[in-house]
Every structure is written in structure tokens, then in C-alpha cells.
Amino acid sequence: MNAPAIATRGLTKRFPGGQIAVDGVDLAVPGGSVYGFLGPNGSGKTTTIRMLLGLITPTGGTSALFGAPARAALTRVGALVEGPAFYPWLTGTANLLRLDAANPAADASSAKRRVADSLDRVGLTAAAAKRYKAYSLGMRQRLAIASTLLSRRDLLILDEPTNGLDPQGTREVRGLIKDIAADGTTVFVSSHLLAEVEQMCTHIGVMRTGRLVAQGSMSELRSASSTRVEVETVDVTAATKVLTDLALGDVKSAPDHVSAEIGRMAPEHVSDLLFKAGVSIRGFQVIRPSLEDVFVGLTGEGFDVDR
Ligand SMILES: Nc1ncnc2c1ncn2[C@@H]1O[C@H](COP(=O)(O)OP(=O)(O)OP(=O)(O)O)[C@@H](O)[C@H]1O
Ligand SMILES: [Mg+2]
């Protein structure tokens, strides 16, 4: 088995003054995944990422990239944390050439090609000769991503890459991340917007006040939530008996409806039995909680606070 792209054990950061920003986090990011690192503002995402990259020192726990300390793995890792500094008066191309030249491992003779390729990958070829100060926010964000693509990476760590982008820009960055992942690069991307990561991620970790409260593949997280049936009827007593006899969980009755968790049971099995028991059914609904419901349950708050 290959070492996971990211693995941490009890990763902790307590800032001077006593505030604990990251509290015993165990991340497991499989190679080849697109891992959405979700959490509301201030939940510790950026602090975690800074520790992963070795930009700040943890006060507790360990972290490894591809089974090695960050320092040893950095050449395989591209990162975007609050964006690199670009010179406003230089063009996109000239800015990337500067960054590329700062990389001692890069072959200078092929710098132009590398820069052109990475601009092409983020769709900035047409704007390559424009000055950075004339770039839109979306173009700036793409240039920042392009800067992480100057050399081939096995892991890309992006801290809120769609922050401040309009819906169109957000869609484009999402598409770009999918393309990068399709080329075999593991992507670890933070966000406070569930809807955003839901569409592109294979795995998700959820932070709440410094703790990782949930982690797993998308399908694991979805199946952790429970499907319910809701029966609208005037025969509440009879309907309740059917659901209770089936040993369904969390049976709730109201004057005109009854509901219960059905777990893995087929909903039609429930409706058949209700019918056979002579319950007159006015309405029958299968309620599958959205991923959002699951996360609100886990974090105690909604995600899409910015909208
Ligand atoms: N250098 C620092 N010194 C003291 N406290 C800090 C420092 N950096 C971050 N914090 C605190 O740590 C907590 C987590 O911050 P962090 O930036 O990691 O959150 P985040 O999840 O990235 O939030 P956002 O979604 O707003 O970017 C916050 O309460 C923040 O105020
Ligand atoms: Mg942050």
C-alpha cells in the first residue's frame, strides 16, 4: 500500500495566549482523492494547512505527506495559502517566470514552456500578456493556481481557492480542480461552502471549532444519514402499530401523520404492510436527508453562511 497523501495524528495548535485553534486532528487523505476540508469560518482550516506545509509548528501531534515529514515531501506538493504575491505591473507570464526562477530544482532552459503550459491549463493563455493589475478576481485566482502547476505535483493543497469568486468563476475553478485530479494529482481543498465541495470531492473532512468531527468518502458520509418514511393518514394508531411492529427507529406520530427511520429497508416494503394492515394512506413520502442536513447535524450550524 502506498502511504496516504496526508496523514496526521493528534495534530494540535495552541496559539500563544492559550487559544486552541486545532485540537487533536487525525486526517487521512487517500492518494488520488479530491478531499474537501470543510468548516465554518474560524474552525481551524488554514491553521491545519499551515501545519501540513510546515509553515507553522504544531504544538502537538504529527503530520506526514506521503509518509514523510513535510520538508521531505515539499517538492511533490503544490500549495495555495492566501495566494502568492504577484507584481501588479508585470504580466501573468512574467509573474510566473519570476516564481519559476525562484525554484532551484526547475530547469531554466524550459521555463518558458512550463509557464506557457500552466497558463494554458488554467485557461489564461489569452490573458498571458496582460498585466496582473488588469486581471479580474477570477483571473487572479487562476494565476495563483497556475503558479502551483509550474512543476508536476502529486498533491495540491488549496486553501479556499474560490473565495471571493462569482458563481461563474467558482464553477471554472471547480472544473479546473476536477481536471487536475483527473491527471492523477491528489487535491486537498478547503472551503466553508458545502455545496461547492459536494460537487467535486470524493472525500470530505468536517471541522468544527478546531476538531475534525467527521471524515470519510462521500458515500460513507451519505449513508451515515438515515432515510425516513412519512405516512400521511387518518389511521394514525394503526399506522403507528405497523411501523412499530417493523421495529423501525425513531417512530414519531402526529395527529395526521406518522414517520420513522427505515435504515436499509425498502420503502415499498413499508407501504405494502401498511396497505395489508388496512391503513388508508393519503400520502407516503421517502425523506432522504441532504448532505447539508448531515453536516448541520455534525457541526451544529449551516455552511453556506455567505449566501
Ligand atoms: N496567528 C494566530 N494567533 C492567534 N490565533 C490565531 C492565529 N491564526 C489563527 N488563529 C485563530 O485560530 C482559529 C482558527 O483560525 P483559522 O484561520 O485556522 O480558521 P479557518 O477555518 O481557516 O477560518 P476561515 O474560514 O475564516 O478562513 C481562529 O479562532 C483564529 O482566530
Ligand atoms: Mg482560512
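For T57 and A3, calculate 0.36 nm times their separation in residues minus their Cα-Cα distance, and state this gained length in nm to one decimal. If you can, show how the numbers build up before the last one.
Values: separation 54, 0.36 × 54 = 19.44 nm, distance 2.22 nm.
The span from T57 to A3 would gain 17.2 nm if fully extended.
Relative contact order for region 228-288 using alpha-carbon pairs under 8 Å, separation at least 6, rounded to a whole percent?
Details: 102 pairs, mean separation 29.9, N = 61.
Result for region 228-288 is 49 percent.
Using r as the Cβ-Cβ distance of T202 and N41, and R0 as 30 Å, what FRET efficiency do you calculate, to the nearest 0.05? Present the calculation step by step, with values, prior to reporting the outcome.
Details: r = 25 Å, r/R0 = 0.82.
The value I calculate is 0.75.
Quick check on my link table: of K45/K178; K45/K112; K13/K133; K45/K130; K112/K178, which ones sit more than 28 Å apart, alpha carbon to alpha carbon? Spell out each step's value before the answer.
Numbers: K45/K178 21 Å; K45/K112 34 Å; K13/K133 36 Å; K45/K130 33 Å; K112/K178 25 Å.
Long pairs (Cα-Cα over 28 Å): K45/K112; K13/K133; K45/K130.
Stretch A85-K252 to full length: gain in nm at 0.36 nm per residue minus the Cα-Cα span? Intermediate values should be presented prior to the final figure.
Working: separation 167, 0.36 × 167 = 60.12 nm, distance 5.67 nm.
54.4 nm is the gain from fully extending A85 to K252.
Would you list R288, R222, R114 from fewest to most Cβ contacts within 10 Å?
Details: R288 10, R222 14, R114 19.
With the sparsest Cβ surroundings first, the list reads R288, R222, R114.
Only bridges with both residues in the chain count here: give the DSSP antiparallel percent, nearest 5. Kindly include the intermediate steps, with their values, before the conclusion.
Numbers: 33 of 51 bridges.
Once the DSSP bridges in the chain are tallied, antiparallel ones form about 65 percent.
If contacts are Cα pairs under 8 angstrom and at least 6 residues apart, what is the relative contact order of region 6-218 in percent?
Numbers: 390 pairs, mean separation 67.4, N = 213.
In percent, rounded to a whole number, it is 32.
Could you pull the Cα extents of region 99-191 along its three principal axes, largest to smallest, in whole Å?
Principal extents (largest minus smallest coordinate, Cα): 39, 31, 19 Å.
Where does the chain land on Rg/Rh, using Cα atoms and the Kirkwood Rh?
Numbers: Rg = 24.4 Å, Rh = 21.9 Å.
So for the chain, dividing Rg by the Kirkwood Rh gives 1.11.
As a footprinting exposure proxy, order Y35, Y135, Y87 by other Cβ within 10 Å, with the fewest listed first. Intermediate results must be reported in sequence, preceding the final value.
Numbers: Y35 27, Y135 20, Y87 12.
Fewest-to-most Cβ neighbours within 10 Å comes out as Y87, Y135, Y35.
Among A146, A127, A105, which one moves the most in a GNM of the chain with springs linking Cα atoms closer than 10 Å?
A105
Could you give me the ³J(HN,Hα) list for region 40-57, computed from phi with Karplus coefficients 6.51, -1.76, 1.60 and θ = phi - 60°, whole Hz, x at Gly and Pro?
Running phi through 6.51 cos²θ - 1.76 cosθ + 1.60 with θ = phi - 60° gives x, 3, x, 7, x, 5, 5, 4, 4, 4, 4, 5, 4, 8, x, 7, 10, 8 Hz.
What spacing in nm lies between the two simple spin-label points modelled at T125 and S223, each 7 Å away from Cα in the Cβ direction?
4.4
Give me Rg/Rg_expected for region 228-288, where Rg uses Cα atoms only and Rg_expected = 2.2 N^0.38 Å with N residues. Don't skip to the answer; put the middle values down first.
Numbers: Rg = 9.8 Å, N = 61, 2.2 N^0.38 = 10.5 Å.
Ratio of Rg to 2.2 N^0.38 Å for region 228-288: 0.94.
Modelled label-to-label distance, A111 and R98, 7 Å Cα→beta-carbon offset: nm?
1.2
Once the piece of chain linking D179 and D26 is laid out straight, how much longer is it, given 0.36 nm per residue of separation minus the C-alpha distance between them?
Additional length available on full extension: 52.3 nm.
Looking at the calculated P(r) for region 139-190, what percent of the C-alpha pair distances fall above 17 Å? Can you show the working numbers first?
On the way: 356 of 1326 pairs.
Counting every Cα pair in region 139-190, those more than 17 Å apart make up 27 percent.
Can you give the FRET efficiency for A134 and I287, using 1/(1 + (r/R0)^6), R0 = 41 Å, r = Cβ-Cβ distance, to the nearest 0.05?
After rounding to 0.05, the efficiency reads 0.25.
If you average the C-alpha positions of region 159-222 and of region 72-130 separately, how far apart do those two centres end up, in angstrom?
23
Mind sorting I6, I287, I157 by how few other Cβ atoms lie within 10 Å of their own Cβ, fewest first?
On the way: I6 28, I287 14, I157 25.
Fewest-to-most Cβ neighbours within 10 Å comes out as I287, I157, I6.
Every number in this text was worked out from the coordinates using simple rules, so none of it is lab data. Quantities reported herein were computed from a predicted structural model and do not represent experimental measurements. Positions of Cβ are generated from backbone atoms using ideal geometry, with glycine treated the same way; all protein chains shown enter the neighbour counts.
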